[in-house]
1. Picking from LEU128, LEU92, which residue would you name as being in a helix (DSSP H, G or I), more than 16 Å from ligand 1 (Cβ to nearest atom) and not acidic (Asp, Glu)?
2. So which pairs qualify, if the first residue must be in the range 174-188 and acidic (Asp, Glu), the second must be assigned to a helix (DSSP H, G or I), the Cβ gap must be under 9 Å, and the two must be at least 6 apart or on different chains?
3. Go through the range 151-175 and give me each residue that's in contact with a Ser or Thr (Cβ under 8 Å, 6 or more places away or on another chain), more than 15 Å from ligand 1 (Cβ to nearest atom) and farther than 14 Å from CYS114 by Cα.
4. Across the range 25-61, what is the number of residues that are closer than 30 Å to ILE187 by Cβ, surrounded by 15 or more Cβ atoms within 10 Å (Cβ to Cβ) and of a type in the set (S, T, N, Q)?
5. Being more than 16 Å from ligand 2 (Cβ to nearest atom), without any contact (Cβ under 8 Å) to a residue 60 or more places away in the chain and not hydroxyl-bearing (Ser, Thr, Tyr), is that true of even one residue in the range 156-170?
6. Where in the range 136-253 are there helices (runs of 4 or more DSSP H), lying fully within it, with 3 or more residues that are among the hydroxyl-bearing types (Ser, Thr, Tyr)?
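All of the numbers you see were taken from the coordinates with simple rules; none came from a lab. Computed from a predicted structure; not experimentally measured. So basically every Cβ, Gly included, is an ideal-geometry build from the backbone, and we count neighbours across all protein chains shown.
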Amino acid sequence: MKYSSALTGSLAHNWFNDNLYITSLLNAFSIALPLGEKLFMKSVNEHVNLTSDAQLKSDIKMFISQEAAHSKAHNTYNEQLCLLKGYDKNKLEKNFNSVFNYMNKTSPKERLACTVTMEHITAILSYLFLSIPREELSIESSIYEFWACHAREEIEHKSVAFDLYMSVYDDRSTLQEVMKNTLKNLISLYKITSCQMLTLDRIPVAPFKQWLVTNTENTKTIYHKFESMINEFYNPDFHPLNINTTNCSYKLT
Ligand SMILES: [Fe+2]
Ligand SMILES: [Fe+2]
């Protein structure tokens, strides 16, 4: 699968269906990606010699090459976004940096466990994004393709970190503990970064915070799908290849 990273659409406006809040959340997600993907590559790389499984080694190679391409492309995306909107990229990265710097100082096992949980969250978000029929999305095609290509590759390599972790440590209880913390921290960091962006755009953040907790029929459905796929992670026989995506109309071919 080829990752298309050419952006010709403008990130200056509310590019996701002219929705200010969803656009801010996705932009905040992008700010974290190059930093997170660096950690994912490091954590997988430092375990590659601990497996003798030839297929897994080859999957790891694909994983690292895809994450390296995503990291580079999102860095360009973030630079363009900050330039167009007048944001200070270093300031937006600061909170994510402190978390990823902390992760760099933990044990290789914790780092890989953190990667496994983030890969699961990313795979779920990818399914949810791709499950929205294209005709319902008013997004310039280069921006849509940028995110869709990333999402397809996340689904393609969703089990690599998990398989590596299980082949080396085979410890699900640590994974489940790490998932609880990762989810809590990520949600809070995306919220903080979105608020930072809105404040820089001189937009009040109180209605955004209210919007996050207001359950419209649409958000209820998305939260429900997200939650049920997150909960699968806690099943004793969980494997990323068996995520139940029947709620998502998108099917991986
Ligand atoms: Fe990625
Ligand atoms: Fe990934």
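1. Values: LEU128 fails: more than 16 Å from ligand 1 (Cβ to nearest atom).
Among LEU128, LEU92, only LEU92 is in a helix (DSSP H, G or I), more than 16 Å from ligand 1 (Cβ to nearest atom) and not acidic (Asp, Glu).
2. Correct list of pairs: GLU177/ALA113.
3. Passing the criteria: SER167, VAL168.
4. Going residue by residue through the range 25-61, those that are closer than 30 Å to ILE187 by Cβ are 25-47, 59-60.
Among the residues that remain, those that are also surrounded by 15 or more Cβ atoms within 10 Å (Cβ to Cβ) are: 25-44, 47, 59-60.
Now drop any that are not of a type in the set (S, T, N, Q), which leaves 27, 30, 43.
Of the residues in the range 25-61, 3 are closer than 30 Å to ILE187 by Cβ, surrounded by 15 or more Cβ atoms within 10 Å (Cβ to Cβ) and of a type in the set (S, T, N, Q).
5. First pass over the range 156-170, keeping only residues more than 16 Å from ligand 2 (Cβ to nearest atom): 166-170.
Applying the additional criterion that residues be without any contact (Cβ under 8 Å) to a residue 60 or more places away in the chain yields 166, 170.
Now drop any that are not not hydroxyl-bearing (Ser, Thr, Tyr), which leaves 166, 170.
Yes; the residues of the range 156-170 include at least one that is more than 16 Å from ligand 2 (Cβ to nearest atom), without any contact (Cβ under 8 Å) to a residue 60 or more places away in the chain and not hydroxyl-bearing (Ser, Thr, Tyr).
6. Details: elements: 141-156, 160-168, 172-200, 206-213, 217-232.
Result: 141-156, 172-200, 217-232.
Yes/no per residue for (1) surrounded by 13 or more Cβ atoms within 10 Å (Cβ to Cβ); (2) more than 16 Å from ligand 2 (Cβ to nearest atom); (3) within 15 Å of MET179 (Cβ to Cβ):
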position	(1), (2), (3)
LEU92	yes, yes, no
ASN95	yes, yes, no
SER107	no, yes, no
ARG111	yes, no, yes
THR117	yes, no, yes
ILE121	yes, no, yes
LEU125	yes, no, yes
